[in-house]
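Contents: one structure, followed by commentary.
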Amino acid sequence: MALLSVKQNAKFWGFSESWIYRHLHELGGFKIGTRIKFDIEEQKELLSKYKGNSRKWLTAAPSLNTNNQRRIQLTKVRSLAFVKDGECIAGTVYERNSKRGTRWYSNIHSKNGRVRQVIKDARSEGEAMEALQVRLKETYYREYSVSRPKEDTIFKDVAALYIETYAKVRKKSWRTDEKYLNAQLIPYFGEMKVSEISSLDVDRFIAKRKEDEVKNSTINKELTVLKKIMALAQEWEFGVEKNPVRRARYFSEEEYRRERVLSYEEEERLFKAAAPHLHSILTCALQTAMRLGEILSLKWKNVDLEKRQLTIRPESSKSGRSRTIPVNYTLSNLLDELGRANDGKSEFVFLYDDPKIGKPRPIKYVQHSFTAACRRAGIQSLTFHDLRHTAASRMIAKGADPVSVKNILGHSSLRTSEIYFHSNLEQMQKAVSLLSEDVTFSHIFRHKFVKGKRKKLVNLPFSLN
């Protein structure tokens, strides 16, 4: 039996995906796992059936209602469906441009008709999709008179809902949240009712983690995930009156903050010990302060050697924002050399020769080669991210202004960038010595005590001019 997905069936009928969701019952859609499928033979039979009398179907197709499209001026239409126990509630979200500005709307289709509502707090597509998911479930529970357990809902069920409807939609690092949940939070809070989790339970969890001698930063990250889940449980009306993590005190992470900076002597040893394909990556890291993921995902279309700059795309950036980094003379020569060697073989900048296939492939992982290079060079306690700290510290030490360094690093605030500004003892001594260079006070004297009396000395050890 050949099956069609929603997207394939939309092309088959010539309508939009939202139209397919709206007519799931008539089209005979069914669920396999988390996917909605259609039997292609049934679709052919339905198409031939309505070919001569398609008035009912065509009037429901939003892609053919041109007057409505001109009036609303829709952009970024996204479809979603909630399927449970053989029943389906389908809906879409879209932007509407009006005199008040851009606003997001939800459009839900169910057995009782269509309901269109504005999503007041949505500022992005992700927030709108999250709101639509909640509204689809509420519509299902209401229309099919399904009793929804609220106060009896346990933590692990809310955690699963958090991953599916919030973290995967809103966060690039949702796998990290899932790791914290599976490792610690669910084993501890999993069977508790979210409505009964108290501040005392949270404090007991914190005490347990401290007994396990876990770093403060790890506990803080676990508390952040727990706090967000409980906040959403409160919004989703699972019986949580107030967030028990709201008043929890986070631990200071100052003592665990890394201040490892690569010296120039260590840098020379590292390059001598590194594998050939690692040289260009190390150079890029030390000349731009880019993250490892940003370096490995860099493509030639984002490199402009004429303007001597490269662009970090939002999908590659940790903050989700694009930024431009100037290219200095050292990196410009390297990129020019890599470009001639690439000669259109790959869209990625950093490649290695794969002996198995006999041609270059993008570098996706350097942890083993970097660790091996550090071991051969006799360099201890150095991570690849420390190269970012090193580049930022060197820029500051050579007189770069902190705001420019902040923009190169891609931070939203200068306070975040201060973590990367390191000073060694030599730099601090130089800074203090600057204070003695501008002494202009003619009334400064040296004094020393002789048998309990203070004696004024006029032979000053420095000039007053």
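A short reminder: the numbers here are calculations on the coordinates, not readings from a lab. Just so you know, these numbers come straight off a predicted model, no measurement behind them. Cβ atoms come from the backbone with ideal geometry, glycine included; neighbour counts cover every protein chain shown.
Observations, loosely collected:
- Each listed q (0.08 Å⁻¹) maps to a log10 I(q)/I(0) for region 264-424, found by the Debye formula over equal Cα scatterers with no solvent: -0.23.
- As a length-normalised measure over Cα pairs under 8 Å and 6 or more apart, the relative contact order of region 177-312 settles at 19 percent.
- Label sites at residue 41 and residue 263, each approximated as a point 7 angstrom past Cα along Cα to Cβ, lie 7.7 nm apart.
- Compared with the direct C-alpha span, the chain from residue 340 to residue 2 gains 116.9 nm at full extension, assuming 0.36 nm per residue.
- Of 193/228; 156/242; 137/168; 168/299; 228/318, those spanning more than 22 Å from alpha-carbon to alpha-carbon: 168/299
- For region 125-265, the spread of Cα positions along the three principal axes, ordered from largest to smallest, is 70, 36, 23 Å.
- For region 320-381, the relative contact order works out to 17 percent when only alpha carbon pairs closer than 8 Å and six or more residues apart are counted.
- Listing 363, 89 from fewest to most neighbouring C-beta atoms within 10 Å gives 363, 89.
- Sorted by Cβ density within 10 Å, fewest first, the residues 109, 279: 279, 109
- Alpha-carbon centroid distance for the pair region 182-261 / region 347-399, whole angstrom: 35 Å
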